[in-house]
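S.K.: I'd like to ask some things about the structure below.
The values are calculated or read from the model by the stated rules, or taken from the named source; none is laboratory data. Model, not experiment: these values are computed from the prediction. When we count neighbours, we look across all protein chains shown, and the Cβ atoms used for this are built from the backbone with ideal geometry, even at glycine.
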Ligand code: URA
């Protein structure tokens, strides 16, 4: 094959053959197809799409570029969850130990923050001593002792996706349903989980702003998982406003601990419990415990403590706090009608919770704490949110990001997406 021939085929809206796809992914991973050629092909795919067969072949070729993990030595079924990303989405933190406490093993490979969206590994790294990088043997040890492991994917897992993702990031080719679906699913299938629940977000703070696009992404991923023998389910959930009340790294660990202690904001608890039920059902755990019970009786918290300690973290260490804070007060009395997820996410990013460049560190303590959510009554002059940063110089740009982020009205008729839009 020849790269130019493959590019031209997709440029002219043709269908790529299985052999062409296998070749181009393999040759690109080996450095035989150049970045500029792959960039052109990715743009042709973004503009002209791929059919179901092409997406499945593309995904399988990315899986074959690296190793495939195997959990068959474990004595219980495995289940994982993947969220397409959002603002305040800390669900993995309470969910992984919760599902472990209810009877399934959770082998979860997670990522770091991307743009305005937070990353599970960045959040967990705010716990003193906690390590994101584990060898495959260490992963197995953690899962045997704690029931759940959340860590970074090693270099050997879907290396083609690592290279392609970095290229898409700088060539305007991220927002393509076939490319997002194959990227996510290649990693989840290679991870070796027996079942997978996808939390596909829709709204301003999500990759897919509108529900129809989110639905198509969800369908595509469910088909890819199912075809690869992974029992896969997707929920479409709301990301028009932030999830929970805390957005940031240590702040989200703090809120997760509230949930594991049997409290926490209603939306975070509801989604955590719903996803736990879906995971246990998809995994087919015969005598699964009730997730609500496991939150109340402390067994989910016990699993959390084992999981954190097994990865070098100190579950009793105080979490880092930001040095500076600033309060945003309500400009009027009434009902908080909207609170834009994207704008709150951008503010948290500018406060230091996210990165400006890939190699930057994140601030553990930075972020936003909300004092009201859409639908709540607010009074003029009372705190609406508190911003946290390591340097006071960050507040101005965060406040700019929050311009127009909320609307206070006379009536309560806030036009919000339901928390779970569809299954
Ligand atoms: N997350 C991924 O892993 N890949 C994408 O393409 C988008 C989000």
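S.K.: Could you list, in sequence order, all residues of region 266-280 that are buried (at least 18 other Cβ atoms within 10 Å of the Cβ) and touching a helix residue (DSSP H, G or I) at 6+ places or on another chain (Cβ under 7 Å)? Break it down into steps so the answer makes sense when it comes.
M.R.: Of region 266-280, the ones buried (at least 18 other Cβ atoms within 10 Å of the Cβ) are 267-269, 271-276, 278-280.
Result: 268, 269, 272, 273, 275, 276, 279, 280.
S.K.: Find the residue count for region 156-183, including only residues that are outside any helix (DSSP H, G or I), more than 10 Å from the ligand (Cβ to nearest atom) and in contact (Cβ under 8 Å) with a residue 24 or more places away in the chain. Talk me through it step by step, then tell me what you get.
M.R.: Start the filter on region 156-183 by keeping residues that are outside any helix (DSSP H, G or I), which leaves 156-158, 170-176.
Going one step further and asking which of them are more than 10 Å from the ligand (Cβ to nearest atom), we end up with 156-157, 170-172.
Keeping just the survivors that are in contact (Cβ under 8 Å) with a residue 24 or more places away in the chain gives 156-157, 171-172.
The qualifying residues number 4.
S.K.: Which of the residues belonging to region 121-145 are part of a loop (DSSP other than H, G, I, E, B) and either at positive phi or out of contact with any strand residue (DSSP E or B) (no Cβ under 6 Å at 6 or more places or on another chain) (or both)?
M.R.: Looking only at region 121-145, we keep the residues that are part of a loop (DSSP other than H, G, I, E, B), and these are 125-135.
Within region 121-145, 125, 126, 127, 128, 129, 130, 131, 135 qualify.
S.K.: Among the residues of region 204-212, is any surrounded by fewer than 24 Cβ atoms within 10 Å (Cβ to Cβ) and within 13 Å of the ligand (Cβ to nearest atom)? Even if it seems obvious, please write down each step before you answer.
M.R.: Filtering region 204-212 for residues surrounded by fewer than 24 Cβ atoms within 10 Å (Cβ to Cβ) gives 204, 207-212.
With within 13 Å of the ligand (Cβ to nearest atom) added as a condition, the list becomes 207-208.
Looking for residues that are surrounded by fewer than 24 Cβ atoms within 10 Å (Cβ to Cβ) and within 13 Å of the ligand (Cβ to nearest atom), one finds at least one in region 204-212, hence yes.
S.K.: Now, a different point. State whether one or more residues within region 289-304 are assigned to a loop (DSSP other than H, G, I, E, B), buried (at least 16 other Cβ atoms within 10 Å of the Cβ) and not assigned by TED's automatic domain parsing to the domain that holds residue 404.
M.R.: Of all residues in region 289-304, those assigned to a loop (DSSP other than H, G, I, E, B) come to 289-290, 297-298.
Going one step further and asking which of them are buried (at least 16 other Cβ atoms within 10 Å of the Cβ), we end up with 289.
Cutting the leftovers down to not assigned by TED's automatic domain parsing to the domain that holds residue 404 gives us 289.
There is at least one residue in region 289-304 that is assigned to a loop (DSSP other than H, G, I, E, B), buried (at least 16 other Cβ atoms within 10 Å of the Cβ) and not assigned by TED's automatic domain parsing to the domain that holds residue 404.
S.K.: Checking the structure you have, find out if any residue of region 311-318 is touching a helix residue (DSSP H, G or I) at 6+ places or on another chain (Cβ under 7 Å), under 20 Å from residue 106 (Cβ atoms) and either buried (at least 20 other Cβ atoms within 10 Å of the Cβ) or in contact (Cβ under 8 Å) with a residue 60 or more places away in the chain (or both). Walk me through how you get there before you give the answer.
M.R.: Step one: list which residues in region 311-318 are touching a helix residue (DSSP H, G or I) at 6+ places or on another chain (Cβ under 7 Å), which gives 311, 315.
After this cut, where a residue has to be under 20 Å from residue 106 (Cβ atoms) as well, the list is 311, 315.
When the remaining residues are screened for being either buried (at least 20 other Cβ atoms within 10 Å of the Cβ) or in contact (Cβ under 8 Å) with a residue 60 or more places away in the chain (or both), the result is 311, 315.
Checked region 311-318: at least one residue is touching a helix residue (DSSP H, G or I) at 6+ places or on another chain (Cβ under 7 Å), under 20 Å from residue 106 (Cβ atoms) and either buried (at least 20 other Cβ atoms within 10 Å of the Cβ) or in contact (Cβ under 8 Å) with a residue 60 or more places away in the chain (or both).
S.K.: In this structure, is residue 362 part of a loop (DSSP other than H, G, I, E, B) and either surrounded by 14 or more Cβ atoms within 10 Å (Cβ to Cβ) or assigned by TED's automatic domain parsing to the domain that holds residue 116 (or both)? Spell out how you get there, then give the answer.
M.R.: Details: part of a loop (DSSP other than H, G, I, E, B): yes; either surrounded by 14 or more Cβ atoms within 10 Å (Cβ to Cβ) or assigned by TED's automatic domain parsing to the domain that holds residue 116 (or both): yes.
The answer is yes for residue 362.
S.K.: Scan region 355-386 for residues that are farther than 17 Å from residue 336 by Cβ and touching a helix residue (DSSP H, G or I) at 6+ places or on another chain (Cβ under 6 Å) and report the count. Break it down into steps so the answer makes sense when it comes.
M.R.: Residues of region 355-386 that are farther than 17 Å from residue 336 by Cβ, as a first pass: 355-367.
Those still in the list that are touching a helix residue (DSSP H, G or I) at 6+ places or on another chain (Cβ under 6 Å) too: 362-367.
Total satisfying the criteria: 6.
S.K.: When only residues in region 139-155 that are crowded, with 16+ Cβ neighbours inside 10 Å and more than 16 Å from the ligand (Cβ to nearest atom) count, which is farthest from residue 182 (Cα to Cα)?
M.R.: Among them, the one singled out is 146.
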